[in-house]
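Colleague: Below is one structure. I have some questions about it.
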Amino acid sequence: MRKRINTMYFSATDTTKKVVEELGKKIAENMNREMSINNIDFTLPLVRENQVSFNEYDIVIIGVPVYAGRVPNVLLKYLNSIMGNGALAIPIVLYGNRNYDDALIELGDILQSNGFKVIGAGSFIGEHSFSKTLAKNRPDEEDMIIVRDFANKIYKKIRRGDKFENVEIKGNKPYRKYYRPKNEKGMPVDIRKVTPKTNDNCIDCKLCANVCPMGSIDFQDVSKLNGICIKCGACIKKCPTNGKYYDDKDYLRHKHELEIDCTYRRKPELFI
């Protein structure tokens with residue numbers, strides 16, 4: 001099989017990365033155990049400045065997190081710049097155990113419109129970016145077994161050499177609006193402008209500035225933001241001293257609500 005495996009992902013806290021890389025690894029093992037994998041981690045802003053193009057010999061596994069039930073709008077420009085030229089694609093979304101809503105069908109549509117043939121798709125669960133308890137440690141081994149089985153099915157589909165059609169993905173068209181949390185009175189609230197605070201635990205190691213996917217944390221003064229915050233959780237979860245936190249009441253209420261209402265273990269959904 002003259003195919004090349006490519007993995008692409010935006011993964012601020014490494015949950016999407018874990019699924020996409022394992023899926024690519026398992027497909028590659030099935031094809032040829034010595035096959036190399038071309039990996040593009042577009043989490044950091046500099047990588048998203050480069051346009052990427054594929055061709056009919058490529059298989060591309062591309063993953064993004066779900067933000068408010070949709071593909072993160074900050075990624076739309078970059079995602080729409082990726083050219084498929086007949087490449088096979090497997091879109092993957094990771095969500096924090098609430099719902100992926102229309103994110104997966106949206107990502108699939110973007111890839112189709114860019115010249116990819118979407119031969120499979122999947123939604124998986126990762127520890128929520130707001131929380132250290134909601135979907136804690138997911139994707140876990142139970143999830144990874146499903147990832148490997150999905151990879152086997154993708155491989156068999158490619159091996160058969162079928163005339164590839166775009167797989168049907170669950171979701172609404174037109175897409176639902178971005179999910180919005182509500183306050184104690186049931187009124188929608190906007191937490192987009194909420195930003196992290198820095199406490200006295202900070203040792204100025206600069207890790208938060210280095211991992212911020214928007215490049216917003218000031219390298220000289222990490223307590224300052226020079227751009228937007230997308231609430232990805234990277235600066236908080238990766239800080240070695242717990243030096244970052246949020247104190248906005250609407251954000252904290254929503255976080256608590258999610259941790260109470262979304263404890264039921266959601267399962268991955270696959271389309272092939």
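The values are calculated or read from the model by the stated rules, or taken from the named source; none is laboratory data. Since the model is a prediction, treat every value here as computed from it, not as a measurement. Here the Cβ positions follow ideal geometry from the backbone for every residue, glycine too, while neighbour counts run over all protein chains shown.
Colleague: Quick one: in region 170-189, which of the residues that are in a loop (DSSP other than H, G, I, E, B) and free of Cβ contacts under 8 Å to residues at least 12 places away in the same chain is farthest from residue 110 (Cα to Cα)?
Modeller: Of the residues in region 170-189, the ones in a loop (DSSP other than H, G, I, E, B) are 170-181, 183-187, 189.
Remaining after also requiring free of Cβ contacts under 8 Å to residues at least 12 places away in the same chain: 174, 177, 185-187.
On the way: 174: 14, 177: 17, 185: 37, 186: 33, 187: 32 Å.
The selected residue is 185.
Colleague: Here's another thing I want to ask about it. Evaluate the following for residue 122: is it under 15 Å from the mean Cα position of the chain (by Cα), crowded, with 17+ Cβ neighbours inside 10 Å and under 16 Å from residue 13 (Cα atoms)?
Modeller: On the way: under 15 Å from the mean Cα position of the chain (by Cα): yes; crowded, with 17+ Cβ neighbours inside 10 Å: yes; under 16 Å from residue 13 (Cα atoms): no.
The answer is no for residue 122.
Colleague: Could you check region 21-74 and list, in sequence order, the residues that are acidic (Asp, Glu) and within 19 Å of residue 108 (Cβ to Cβ)? Step through it out loud before you land on a result.
Modeller: Initial filter on region 21-74 (acidic (Asp, Glu)): 21-22, 29, 34, 41, 49, 56, 58.
Listed by number, the residues that qualify are 56, 58.
Colleague: Something else: So is residue 161 modelled with pLDDT under 95 and surrounded by fewer than 23 Cβ atoms within 10 Å (Cβ to Cβ) or not?
Modeller: Yes; evaluated as a whole, the condition is true for this residue.
Results for (1) in contact (Cβ under 8 Å) with a residue 40 or more places away in the chain; (2) surrounded by 18 or more Cβ atoms within 10 Å (Cβ to Cβ); (3) under 30 Å from residue 208 (Cα atoms), shown as yes or no for each residue.
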| site | (1), (2), (3) |
| --- | --- |
| 23 | yes, yes, yes |
| 27 | yes, yes, no |
| 43 | yes, yes, yes |
| 49 | no, no, yes |
| 59 | yes, yes, no |
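Colleague: Another question, if that's okay. Working only within region 41-94, note down all residues that are in contact with a Gly (Cβ under 7 Å, 6 or more places away or on another chain) and part of a loop (DSSP other than H, G, I, E, B).
Modeller: 45, 54, 55, 56, 84, 85, 86
Colleague: Is there a residue being under 30 Å from residue 153 (Cβ atoms) and among the small types (Gly, Ala, Ser) anywhere in region 237-246? Please lay out each step first, then the result.
Modeller: First, pick out the residues of region 237-246 that are under 30 Å from residue 153 (Cβ atoms): none.
Scanning region 237-246 turns up no residue that is under 30 Å from residue 153 (Cβ atoms) and among the small types (Gly, Ala, Ser).
Colleague: A further question follows. Show the residue pairs meeting these rules: Cβ distance below 7 Å; 6+ apart or different chains; first residue within region 1-20 and within 17 Å of residue 214 (Cβ to Cβ); second residue assigned to a strand (DSSP E or B) and among the aromatic types (Phe, Trp, Tyr).
Modeller: From residues that are within 17 Å of residue 214 (Cβ to Cβ), the pairs are 16/9.
Colleague: Against the conditions (1) part of a helix (DSSP H, G or I); (2) closer than 22 Å to residue 229 by Cα; (3) polar (S, T, N, Q); (4) touching a helix residue (DSSP H, G or I) at 6+ places or on another chain (Cβ under 8 Å), where does residue 11 fall short? Just the number, please.
Modeller: Condition not satisfied by residue 11: (1).
Colleague: When you scan region 125-157, how many residues do you find that are surrounded by fewer than 20 Cβ atoms within 10 Å (Cβ to Cβ) and of a type in the set (Phe, Trp, Tyr)?
Modeller: Residues in region 125-157 being surrounded by fewer than 20 Cβ atoms within 10 Å (Cβ to Cβ) and of a type in the set (Phe, Trp, Tyr): 1 in total.
Colleague: Could you check how many residues of region 225-265 are within 25 Å of residue 42 (Cβ to Cβ) and basic (Lys, Arg)?
Modeller: 4
Colleague: If you take the residues in region 242-265 that are of a type in the set (Asp, Glu) and not in a helix (DSSP H, G or I), which one is surrounded by the fewest Cβ atoms within 10 Å (Cβ to Cβ)?
Modeller: Selected residue: 247.
Colleague: When the residues of region 194-234 are filtered to those that are of a type in the set (Lys, Arg) and in contact (Cβ under 8 Å) with a residue 12 or more places away in the chain, which remaining residue is nearest to residue 250 (Cα to Cα)?
Modeller: Our first condition is that a residue be of a type in the set (Lys, Arg); within region 194-234, this holds for 197, 206, 224, 231.
After this cut, where a residue has to be in contact (Cβ under 8 Å) with a residue 12 or more places away in the chain as well, the list is 197, 206, 231.
Numbers: 197: 15, 206: 28, 231: 13 Å.
Only one residue tops the list, namely 231.
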